[in-house]
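K.L.:
Please find one structure pasted underneath; my questions will follow.
Taken together, the values in this text are just the output of simple stated rules run on the coordinates, not laboratory data. Keep in mind the model is a prediction, meaning the values are calculated, not measured.
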Amino acid sequence: MTTADDPHPRREQEPRRERLRRRAATISGVTTSLLLTMAVGGTIASDTGRALLPGWLSSFGVALGFVVTVAIIWRHQYPGLLTGFALLPPVLAGPSLPALIALAALAASRRDRYLWLATGGVFVTTAWTLWLDTQRSVPGSVLQLPFGAQEGGPPVDVPVIAPVLFAVLLTGIPVAVGLLRGANRDLARGAHARQELRDEVARKDERTRIAREMHDVLGHRLSQLSLQAGALEAGAQDNPETAQNAQTVRTTSRAALDDLRQVIGVLRDGRELGEGSDDAAAPVRPQPTLGDLPELLESSRKSGLTVHQTILLDDPSTAPEQLGAACYRVVQESLTNVLRHAPETPVWATIRGGPQTGITIDIVNPLPAAPADAGTGSGSGLTGIGERVAALDGTVSTGPTEEGTFAVAAWLPWPQQT
C-alpha cells in the first residue's frame, strides 16, 4: 500500500503491473497457439495436396503441439527446456508458434551461445514448417495466395527463398522482443541498485552527522561530569559518604562515555556493538554478560534504589554473548525506568534459569503515589526492551498489574550449543 507521503508510489505497483502484463501475454499466447494448432490439424486432415509426411506422423505432431502450447505457461521458469521441447512439433508438421514464444522468453533471460543455438534451431524448424505449407493445396496454404494461386485453382510453385525470408522475419521478431525486455529488466535492476546505493550513502551521511553531534555534545558534558565528580571526590575526604557518591558518579559517567564511544562507532562505521575497531587508540568495551548482573544491581543501590535481588542461574559462564548482553540490558533499562519514574520505591529483581529452561527476568516495583518528574525521557526504554527480547525470539510484558505494582517480565531462550 502506498500513501500520499510515499516518495516512490510506483515501486509497489510495478511488480503487480508486471504480473498482470505477463498473465495477459500468457493467456493471449496460449489462446493463439491453441487456435493455430487446431487450424493446422484441420488443414492436415482435409488437405489434398502433396503429403510429404505420413498422416499419422503429422497427427502426432499436431497432438504434440497441443502439449507444447500448454507448457509455454512455464516459459519464464524453464525457457531453455521449453524452447528445445517446442522444436519437436514443427519438425512433424505441427505449429511453430509455441517455439517462437518460448524463444522470446529465452532471449529475455540469457544472451549466450545457447540463445543463438536455440535461435538457429527455431529458424530451421520455422522455415521447414513454412516450406511444408507451400506444398499443400491452395485452401490449406498460407503462402500460396501471395504468389498468384487462385481459390479453388491448382497450387503454384513458391520460390524456396520465400519460406526462408519469412522464417528470418518470424524468428527475428521474438528474439528482438526478448532482447529488448531483457535489456529493460537489466536497466531497471541497475536503477534499483543505484537507488539503494544512494539511500545507503544518505543513511551513512546521516549516521555520521548524528555521531558527530553526539560526540560534541554528550561527550563534552559527560567528560565535564566525570571531572567534576573527581574533584568532588578529592575534596570530600573528610566525608566518606559524599566521597563514595562522587566516586559512583565518576565511575558511572566514565562507563557512559565508553558506551557512548561504542554507539558512535555503530553510527559512524556500521559495526555491531562489541566488534573490533580499526582505531587502536579507542579500545571497545566487551559486551556485558550474566556475570555482570550483581555489579549492575549494586550500582543501582549506590544510585539510591532499594534493590532486593534473587539470581539463580545455571552455568552463567556458558551463556552465549548475545543472550548475556540482552539480559543485562533488559535489567539495566528496567532499573533505569524505576529510577526515573519511581525512585523512592523498592525493587524486586529476580533472574533465574539455565541452558534447559532459558532465562526468566522479573523486575517489580510498587506504583508510586505521585509520579516522579521523568525529566526529558523519550519513553523508548520499554520499546527497546521489547526489541531486544524479540530479536532473540523471546517474550516480554510490561505495565501495571492488579496488585498495584509495575512489572517487567521477560523470557529469553538459551540457544543450544552445536
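K.L.:
Quick one: Cα centre-to-centre distance for the range 170-196 and the range 90-141, in angstrom?
P.N.:
23 Å
K.L.:
Here's something else I'd like to know. Each residue of the range 318-326 in turn: what ³J(HN,Hα) in whole Hz from Karplus with 6.51, -1.76, 1.60 and θ = phi - 60°, glycine and Pro shown as x?
P.N.:
So the Karplus estimates, Gly and Pro as x, are 8, 5, x, 4, 5, 5, x, 5, 5 Hz.
K.L.:
Under the Karplus relation 6.51 cos²θ - 1.76 cosθ + 1.60, θ = phi - 60°, what is the ordered set of whole-Hz ³J(HN,Hα) values for the range 253-265, x standing for Gly and Pro?
P.N.:
5, 5, 5, 5, 5, 5, 5, 5, 4, 5, 5, 4, x
K.L.:
Using modelled backbone amide H atoms (1.01 Å from N, in-plane), which distant-in-sequence or interchain residues come within less than 5 Å of Arg352's amide H?
P.N.:
Leu312, Thr360
K.L.:
Additional query: Return the sequence-ordered ³J(HN,Hα) values of the range 346-353 in whole Hz as given by the Karplus equation 6.51 cos²θ - 1.76 cosθ + 1.60 applied to θ = phi - 60°, using x for Gly and Pro.
P.N.:
x, 10, 10, 10, 10, 10, 8, x
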